[in-house]
Every structure is written in structure tokens, then in C-alpha cells.
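First the structure, in the form of C-alpha cells, and then the observations on it.
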Amino acid sequence: MAEVLVYVDHVDGAVRKPTLELLTLARRLGEPVAVALGNGAADTAAALAEHGAVKVLTNDAAEFADYLVVPKVDALQAAYEAVQPAAVLVPSSAEGKEIAARLAVRIKSGIITDAVDLEAGAEGPVATQSAFAASYTTKSRITQGTPVITVKPNSAAVEAAPAAGAVEALAVSFSDAATGTKVTARTPRESTGRPELTEAAIVVSGGRGVNGAENFAIIEALADSLGAAVGASRAAVDAGWYPHSNQVGQTGKSVSPQLYIASGISGAIQHRAGMQTSKTIVAINKDAEAPIFDLVDYGVVGDLFEVVPQLTEEVNTRKG
Amino acid sequence: MSLRIVVCVKYVPDATGDRHFTDDLTVDRDDVDGLLSELDEYAVEQALQIADEADDAEITVLTVGPEDAKDALRKALSMGADKAVHVEDDDLHGTDVMGTSLVLAKAIEKTGYDLVIAGMASTDGTMGVLPAILAERLGVPQVTLLSEVSVEDGTVKGRRDGDTASEQLEASLPAVVSVTDQSGEARYPSFKGIMAAKKKPVESLDLDDLDIEAEEVGLEGAWTKVDEAAERPARTAGTIVKDEGEGGKQLAAFLAERKFV
Ligand SMILES: Cc1cc2nc3c(=O)[nH]c(=O)nc-3n(C[C@H](O)[C@H](O)[C@H](O)COP(=O)(O)OP(=O)(O)OC[C@H]3O[C@@H](n4cnc5c(N)ncnc54)[C@H](O)[C@@H]3O)c2cc1C
Ligand SMILES: Cc1cc2nc3c(=O)[nH]c(=O)nc-3n(C[C@H](O)[C@H](O)[C@H](O)COP(=O)(O)OP(=O)(O)OC[C@H]3O[C@@H](n4cnc5c(N)ncnc54)[C@H](O)[C@@H]3O)c2cc1C
């Protein structure tokens with residue numbers, strides 16, 4: 001059976017959920033061979049094996065953390081040459097897309113980014129993408145070289161599928177370009193204890209209607225009652241009420257949770273671009289004409305300062 | 001020596017318009033007004049600020065696109081860029097990211113550069129990979145997705161806010177940079193700027209000028225193929241209630257019914 005290379009996104013050995021989803025998709029195309037790089041690379045093996053990786057190629061050279069992107073491209077290329085896979089799949093993070101794109105140039109392959117689904121086809125993998133702020137769905141293929149495809153979070157379910165997951169050291173010789181861009185300092189993002197925005201099953205977002213940084217406490221309280229991540233519109237981020245890392249939309253994160261709750265958000269096209277593929281959408285807005293109501297499964301026309309606290313209280317009561 | 005900055009700008013259909021695909025599954029450019037991709041205004045802005053700081057600098061704005069893409073160049077020139085290069089050729093219709101990056105790389109080399117600045121992503125294709133590909137093709141450092149950027153003594157520095165960490169980056173020129181919408185508000189063209197832009201040079205290049213064969217680009221030369229494009233069905237109309245004092249409770253009941261609580 002053909003092998004499919006899967007690039008592993010992990011933090012010090014803890015595999016991030018989109019990579020496990022990628023293994024589900026990879027198994028539709030062949031046998032997944034995972035590539036894990038950097039500090040803690042070998043620690044990823046157990047989780048990857050449990051979800052279908054037949055092999056885990058690892059390398060924990062310091063270069064991966066000390067220089068931007070290119071060392072990882074060198075390593076992925078080394079894995080590509082060693083494995084000769086039928087396809088290369090990479091999680092659609094900002095960095096993942098850059099790694100995939102540079103690899104594609106080197107191996108003379110086409111690239112598809114931000115797939116939301118993947119199936120085996122007669123002429124190679126068929127990728128589903130959503131275009132124009134999710135108003136279109138397209139199906140595309142790569143017609144030249146080995147398909148290189150990046151896949152968005154929440155595009156498939158995580159499935160247990162135990163496999164060998166044998167760890168093998170990946171030999172990498174770094175190119176001259178590898179040390180071109182130095183990382184001179186790194187400040188890890190502080191953990192909030194809440195789920196990761198792009199991975200969360202429920203996202204609770206606030207916009208300009210929240211009217212102040214301190215008022216985001218009521219959005220956070222609702223999020224915590226539901227075990228949700230907190231999102232924000234660009235208007236709320238630009239006003240300095242909430243960090244940019246929580247922005248949902250075209251220039252923020254793109255989310256596709258089971259449930260998205262928008263409070264005090266009008267529903268501009270650039271915001272919709274980041275949340276329109278959510279399964280269930282709920283909005284609270286005092287303006288009955290707000291475009292966000294065109295998307296909702298359930299909407300409440302009202303003042304969020306009344307509705308949101310009442311909702312939080314009721315959720316907490318129902319949970320007992 | 002003068003710092004030569006090339007800013008890559010894309011001409012895109014207005015995102016607030018009703019965007020469609022045509023029968024050959026490329027972007028419909030007739031029904032929706034085109035404009036300079038808003039995210040590329042940030043690239044022009046940072047170029048202007050870097051040029052201000054440098055003793056001597058020249059900013060060239062570059063686009064690959066149809067005839068109307070001149071509008072995007074004019075806008076960038078009216079913001080303050082010095083000159084423009086427009087790569088236009090009928091054979092470019094339907095080019096994918098590999099072809100586009102090949103054309104841009106050749107045009108950048110022909111123009112001459114110390115620093116290339118791009119936007120974080122276009123507002124139509126939204127791939128966010130072109131700057132990384134340019135760095136690969138040009139064989140120079142990639143310093144991308146910066147929320148803060150500065151150039152001093154032949155070194156570019158910047159801050160990249162990633163998923164899990166914020167990083168400070170540094171590379172020697174020549175280099176390819178891309179900037180995010182967090183890098184600072186883009187200026188509006190002044191009346192004086194708009195008038196001055198009319199006299200600034202716009203050089204037109206075609207594939208021959210760049211030694212690129214027609215087979216390497218366009219729909220036929222693409223390494224990807226779109227087989228289908230379907231409009232997403234409108235979401236079925238949901239329930240909308242007016243809060244009469246029980247809105248939060250009604251919403252909780254809906255969430256419970258859908259098993260979220
Ligand atoms: C290139 C580009 C990229 C962009 N990227 C993004 C992006 O990534 N993400 C993003 O979100 N935006 C983005 N935008 C901005 C976008 O166009 C909108 O300006 C933004 O989404 C508006 O945020 P908002 O809905 O919070 O604010 P507004 O549009 O001002 O809406 C506020 C809403 O709150 C309601 N409201 C006010 N008070 C209350 C109350 N007490 N109770 C209930 N409702 C209330 C109002 O009725 C209104 O509908 C981008 C724009 C551009 C040009
Ligand atoms: C909905 C949609 C989906 C697409 N998906 C794919 C795909 O999966 N694979 C594929 O190969 N192609 C794809 N394309 C084609 C691709 O968008 C174009 O080839 C495009 O020129 C490059 O990609 P981008 O606009 O997404 O660039 P991005 O990587 O998002 O652009 C980043 C920056 O590069 C610069 N830039 C981009 N294009 C130009 C230009 N023409 N002239 C000057 N500067 C420019 C700008 O500074 C821009 O801010 C898609 C197009 C559309 C409309």
C-alpha cells in the first residue's frame with residue numbers, strides 16, 4: 001500500500017489535535033508515515049501510533065527552533081525522498097502552509113491549501129476547499145508531481161486506529177538557506193486554561209457590542225459554563241479589548257466548531273469568512289437587521305448585557 | 001546606495017461584492033468591482049515607512065494581473081510608491097500559485113531588489129503562501145507574517161505572532177518580507193498623492209520580456225485543477241426570537257435540545 005507523509009504539529013511532544021485529524025484523512029489515501037521535528041519529537045510517537053501512523057520519522061536538531069521555517073522544509077524534503085510517498089499532508093497553520101509551499105516548489109508539485117475534506121480519487125486525492133468566505137465549495141486536484149495538501153482544523157474526526165508507529169531517526173542535512181532567518185527571541189503564548197480556539201467544539205465570541213475590555217468577563221463566563229473557547233471580532237481586537245490571538249475571521253483564526261455563539265457582532269463578510277462553516281450558529285444582537293441573523297440556527301434580538309448573563313446562569317443551573 | 005524595495009500587490013474582486021466563479025472555474029472579474037487587495041495596503045504602508053527611515057530608497061509596486069490591475073498600481077502609487085511594474089499577458093489567465101510565483105520572481109529579479117514586501121494573504125485566493133514561495137525561488141531569507149518590521153544597516157528585523165509563540169526574527173538583506181494587518185494602519189492617498197501618481201511611470205511586461213513560456217503558466221500550465229465549484233446552499237432559516245425578558249432562558253433551552261448543555 002502507498003505511504004502518505006503526514007507533517008506533525010506538536011508542542012514539545014504534545015501532538016496538536018489537527019494532526020490527529022490529518023491521520024484520519026491520510027488513512028483514506030494510504031499508510032500514514034508521520035514526520036515529527038524539534039524538541040520532544042520522539043514523544044509524539046505513542047499518540048501518532050494510536051491514530052494510525054505506521055512509522056514516525058523524528059529529528060530533534062536545535063535548528064528547528066533557532067531558524068524560521070527552512071530547516072523544517074529541509075527535513076520534510078529528506079523524509080519525502082526517503083519515503084517516496086503518494087501524497088504529503090500538512091496541517092493548515094500559518095507555518096504549516098509555508099513549509100508545504102516551499103516543499104512543493106522544491107519537488108516540483110502543485111499545492112492545495114486549506115482543504116476542508118479529502119478523498120481518494122481515480123486521479124489522485126480530491127480536496128474540498130471553501131472559497132469566497134465560504135460562499136462556494138470547490139473540489140480540486142493536483143495534476144503535477146506528488147500532491148502537497150494542507151488541511152484545516154476540524155476537517156475530520158479523530159479516530160483511534162492502532163498501528164506500529166515505529167520510531168526511526170530521520171537524517172537531515174541542512175541547506176545553506178536553513179540559517180537565513182534567525183529566531184532571536186521567543187515568547188510562548190500564555191495559556192488561558194480554555195480550549196484552543198481552532199480546536200474547540202464550542203466558540204463564544206464577542207464584538208463591538210461588548211463595549212469594553214472589562215465587559216468581556218461576561219463572554220468568558222458564558223464560555224466557561226459551556227467549556228468553550230473565547231473569540232472576538234476585529235472591532236473588539238482593534239479596540240484593545242481582547243488579544244489578537246483570539247480574533248476570528250479572515251485575518252484572524254478560522255474556526256469550524258460544533259457551536260458558534262456571536263454576541264454583539266454584526267456579521268461582516270470578513271468575520272463570516274472565519275466562522276461560516278460552523279455547524280450550529282447562534283447570535284445575540286440588539287439589531288434585528290444585523291446580517292449575522294442570516295446565518296443563525298437560533299437568534300435572540302436583544303441586549304447582550306441582559307441575555308448573556310441569563311443564558312450563563314441557566315446553563316449552569318441545567319448542568320446542576 | 002539606494003535601498004530598492006519591491007512591493008507585491010494583487011488586484012482582487014471586492015470582498016463585499018457578490019463574488020462568483022466563471023464557467024472555466026476561474027474568478028469572475030466582470031460582475032464585481034476590482035480593487036487593490038486591502039491586505040496589500042499594509043505592505044505598501046510598511047514600504048513607505050521603511051523608505052522614510054532609509055537615507056535613500058526607491059519603491060516599485062509590482063502586480064501580475066489583467067488590464068484593470070493598473071487600478072491597484074495607481075492606488076499604491078498615490079499612497080506614495082515611486083514607480084510600478086505591471087505583468088500582463090493573455091496567457092496568464094487561470095494561473096495557479098506556482099505559475100504566479102514564477103512570474104513574480106522573474107519580474108522582481110528583472111527590476112532589481114534589496115527588499116521584497118508582500119501582504120499576509122490575498123483577499124480572494126487567501127492562500128498566504130506566496131511570500132514563502134518567492135523566498136524559495138529567489139534564494140533569499142523569508143521573514144514573513146510580521147506585525148512589526150524595521151530595516152537597519154542591511155538587516156531586517158520583525159515580530160511574528162505565531163499560534164503558540166511570538167517570535168523576534170532577524171535576517172540580512174536581500175530578503176522577502178510579508179506583513180499582517182497588525183503592522184499599522186495604511187495611509188489614505190492625499191489629493192496631492194493622487195495627482196502625482198498620474199505622472200509616475202508604469203512599466204508593462206509580458207511573458208516574453210521575462211523569458212517565460214506560455215506553457216509554464218495559465219490554466220493549461222497550472223499544477224492544480226479545479227473540477228467543481230458549487231455555491232454553498234444558503235443556511236436554512238433559523239428561529240429568531242425577540243428578548244422579552246426570557247431570551248437567555250429560551251436560548252438555553254435551544255442549546256439543551258441540541259445537546260450542547
Ligand atoms: C481586509 C480586512 C480584513 C478583516 N478581517 C477581519 C477579521 O479577521 N475578523 C473580523 O471580525 N473582522 C474583520 N474585518 C473587519 C470587518 O469588516 C468588520 O468591521 C468587523 O467584523 C466588525 O466587528 P463587529 O461585528 O464586532 O462590529 P460592528 O460591525 O460595529 O457590530 C457591532 C454589533 O453589535 C451590536 N450591538 C451593539 N451593542 C449591543 C448590545 N448591547 N447588545 C447586543 N448587540 C449589540 C450592534 O447591533 C452591531 O450589530 C476585516 C476587514 C478588512 C477590510
Ligand atoms: C478561491 C481560490 C482558491 C485558490 N486555491 C489555490 C490552490 O489551492 N492552489 C493554487 O496553486 N492556486 C490556488 N488559487 C490561485 C491563486 O490564488 C493565485 O494563483 C494567486 O495569484 C496566488 O495565490 P494567493 O492569491 O492565494 O496568494 P497569497 O499567498 O494569499 O498572497 C500573499 C501575497 O502575495 C502577493 N501576491 C499574490 N498574488 C499576486 C499577484 N498576482 N501579483 C502581485 N502580488 C501578488 C501579495 O502581496 C499578497 O498579499 C486559488 C484562487 C482562488 C480565487
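The values are calculated or read from the model by the stated rules, or taken from the named source; none is laboratory data. Small disclaimer: the values here were computed from a predicted structure and weren't measured. Cβ atoms come from the backbone with ideal geometry, glycine included; neighbour counts cover every protein chain shown. Side chains included, ligands, DNA and RNA excluded: accessible areas come from the protein's heavy atoms. Shrake-Rupley method; radii C 1.70, N 1.55, O 1.52, S 1.80 Å.
Here are a few things to note about the model shown:
- Surface share of carbon and sulfur [accessible, 1.4 angstrom probe, percent] for the protein assembly as shown: 46 percent
- Solvent-accessible area per residue in the stretch B:175-231 equals 61 Å², computed with a 1.4 angstrom probe and all protein chains kept.
- Extension gain from B:E152 to B:K110, taking 0.36 nm per residue of separation minus the Cα-Cα distance: 12.7 nm
- Sequence of B:K110, A:K55, B:K199 from largest to smallest accessible area, 1.4 Å probe: B:K199, B:K110, A:K55
- Amide H within-cut-off set for A:M275, under 5 Å, with H built and near neighbours excluded: A:V255
- Accessible surface ranking that places the most exposed of B:D14, B:D68, B:D30, B:D52 first, with a 1.4 angstrom probe: B:D30, B:D52, B:D68, B:D14
- Trypsin sites (Lys or Arg not before Pro) lying in DSSP loop within the stretch A:130-193, provided at most 12 other Cβ fall within 10 Å: none
- Using θ = phi - 60° and Karplus 6.51 cos²θ - 1.76 cosθ + 1.60, couplings along the stretch B:239-244 (whole Hz; Gly, Pro as x): 8, 10, 10, 9, 5, 10
- Extending 7 Å from Cα along the Cβ direction at B:E67 and again at B:A165 yields two label points whose distance is 5.2 nm.
- Its relative contact order, with pairs defined as Cα atoms under 8 Å and 6+ residues apart, puts chain B at 23 percent.
- Inter-label distance, nm, simple model (7 Å from Cα along the C-beta direction), A:D303/B:E216: 6.5 nm
- Virtual spin-label span in nm between B:Y188 and B:D206, 7 Å along Cα→Cβ: 4.0 nm
- In sequence order, calculated HN-Hα J values of the stretch B:149-162 (Karplus, 6.51, -1.76, 1.60; Hz; x Gly/Pro): 8, 8, 10, 8, 6, x, 10, 9, 10, x, 10, 10, 8, x
- Charging the Cβ of each Asp and Glu at -1 and of each Lys and Arg at +1, and nothing else, the dipole of the protein assembly as shown about its Cα centre rounds to 1260 debye.
- Loop-resident sites, the stretch A:78-133, for trypsin sites (Lys or Arg not before Pro), counting at most 13 other Cβ within 10 Å (DSSP): A:K108
- Entry note, the protein assembly as shown: the mean residue ellipticity at 222 nm calculated from DSSP H runs of n ≥ 4, each adding -39500 (n - 2.57), is -8000 deg cm²/dmol after division by the residues and rounding to the nearest 500.
- Between the Cα long axis of helix A:216-226 and the first principal axis of chain A there is an angle of about 70°, rounded to the nearest 10.
- Cα extents of the protein assembly as shown along the three principal axes, largest first (Å): 70, 64, 48
- Computed FRET value (nearest 0.05) for A:T187 with A:D238, which takes r as the C-beta separation and R₀ as 22 Å: 0.50
- Loss of accessible area when A meets B, both sides summed, Å² nearest 100, probe 1.4 Å: 6900 Å²
- Surface analysis of the stretch A:202-319 yields an accessible area of 35 Å² per residue, using protein heavy atoms and a 1.4 Å probe.
- Residue-normalised accessible area of the stretch A:3-179, given per residue in Å² at a 1.4 Å probe: 33 Å²
- Average Cα contact separation per residue, chain A, under 8 Å, 6 or more apart, as relative contact order %: 15 percent
- Taking A:V15, A:V307 and ordering them by how much accessible surface each has at a 1.4 Å probe, largest first, produces A:V15, A:V307.
- The loop-placed GluC sites (Glu not before Pro) in the stretch B:149-212, going by DSSP, that have at most 15 neighbouring Cβ atoms within 10 Å of their Cβ come out as B:E185.
- Two-decimal log10 I(q)/I(0) for chain A, as the Debye equation yields it once each C-alpha is a single scatterer, q = 0.10, 0.11, 0.12, 0.13 Å⁻¹: -0.62, -0.73, -0.85, -0.97
- Normalised alpha carbon radius of gyration of chain B [divisor 2.2 N^0.38 Å]: 1.18
- Semi-axis lengths, Å, the stretch A:185-243, gyration tensor of Cα atoms, sqrt of 5 times eigenvalues: 18, 16, 10
- Cross-link pairs beyond the 21 Å C-alpha cut-off, checked among A:K17/A:K182; A:K72/A:K97; A:K17/B:K225; A:K17/A:K108; A:K72/A:K152; A:K55/A:K182: A:K17/A:K182; A:K17/B:K225; A:K17/A:K108; A:K55/A:K182
- Highest average first, the peptides A:232-242, B:187-197 ordered by how many other beta carbon atoms sit within 10 Å of their residues are A:232-242, B:187-197.
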